[in-house]
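Just below is one structure, and these are the notes that go with it.
What follows draws every value from the coordinates through simple rules; no lab data is involved. Because the structure is a prediction, the values reported are computed rather than measured. Don't worry about glycine lacking a Cβ; one is built from the backbone with ideal geometry, like all the others, and counts go over all protein chains shown.
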Amino acid sequence: MKKSLTPLQRTTETNGTAASAGSEAIDDYLKAIFQLSGRPERQVSSTEIAAHLSITAASVTNMLQKLAAQEPPLVVYEKHHGVKLAKAGKKRALEIVRHHRLIETFLHQVLDYPWDEVHQEAERLEHFISERFEERIAAKLGHPEFDPHGHAIPAMDGSLPGNEPQSLSQLRPGQSAKVSSVSDKDPEMLRYLASQGIRPGVRLTLSEQLPFKGSYQVRIGTSAKPALLSHSLAEAISVAVK
C-alpha cells in the first residue's frame, strides 16, 4: 500500500512552489529553519531541512528559491551555502512557534492531554488560530513562559530568553544539572522519560558515561537508584548547569 503524504509533502511534492506566502507549507519551512538554525543563528543546509521535514532535497531547493524571491524576502538563500531567515521570515516563524507552544500548554493544562500527545495536535492547529484567539489562550493560561516540554514561548514581540542550555550528553561524570527542556518529537520517548520521572525542573547527576557513545548512567533528583539513558535520549534532554 502506498504511504499517504502529509499536507506539507503533498504541497511541496505536487505543487512545487505554488504555495502562497501564508500557506501551511511555508509556515512549516520557516519554523524548520528557525529550529535548525539554533542560537546564535547559523545557515541551514537544504539536506538538513529535507531530513527534518521528510521531503526531497530538490523540493526544498525549489521552495527556498521561492521564499527568497518573496517581497519582502522570507529567507536569505545562497545555493551550496545554506539558508537563514530574513527579518520577515523570522517574524512569521516566531509567530508560529508561539502559536504551537501556547496550544500545547492549553491542551496539557486545560484539556488534560498527556505531554506525549500535545505536539501532533498543536502541529495541526498552529497555522489556523487568529491573533485574538492566541491572546485569549495566553491570558487564560496566565501568559506562560514555557510549554509542557520546557521550551520557551516567544513573547508577543517575538523575544525569547537569552540563555542557551546544553544537552545532557555534554555533561562530565559527576556533574549535576537541571532539566530545562526535552525534545517533543517522539511520543514514545516522552512516555519513557515520564516513567523515569525526567521532566523540566528535575535535577540529574551524570554518574558515568560508557565510551563510544554508550549509555549514560544518571541519578534522578535525590534517588540513589541510577537510570540508564541511551545517547539519543541524552541528546534529546537539554539541561542548565547552575
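Couple of notes before you dig in:
- In the chain, helical runs assigned H by DSSP with n ≥ 4 each contribute -39500 (n - 2.57); averaged across all residues and rounded to the nearest 500, the mean residue ellipticity at 222 nm is -12500 deg cm²/dmol.
- Peptides 210-221, 147-158, 65-76, 27-38 ordered by packing proxy, namely the average of other Cβ atoms within 10 Å per residue, highest first: 27-38, 147-158, 65-76, 210-221.
- Sparse packing (at most 15 other Cβ atoms within 10 Å of the Cβ) combined with a DSSP loop state is found for the following GluC sites (Glu not before Pro) in region 128-166: Glu145.
- Straight Cα distances below 29 angstrom link Lys178 to the lysines Lys31, Lys140, Lys213, Lys225, Lys242, with same-chain residues fewer than 8 positions distant left out.
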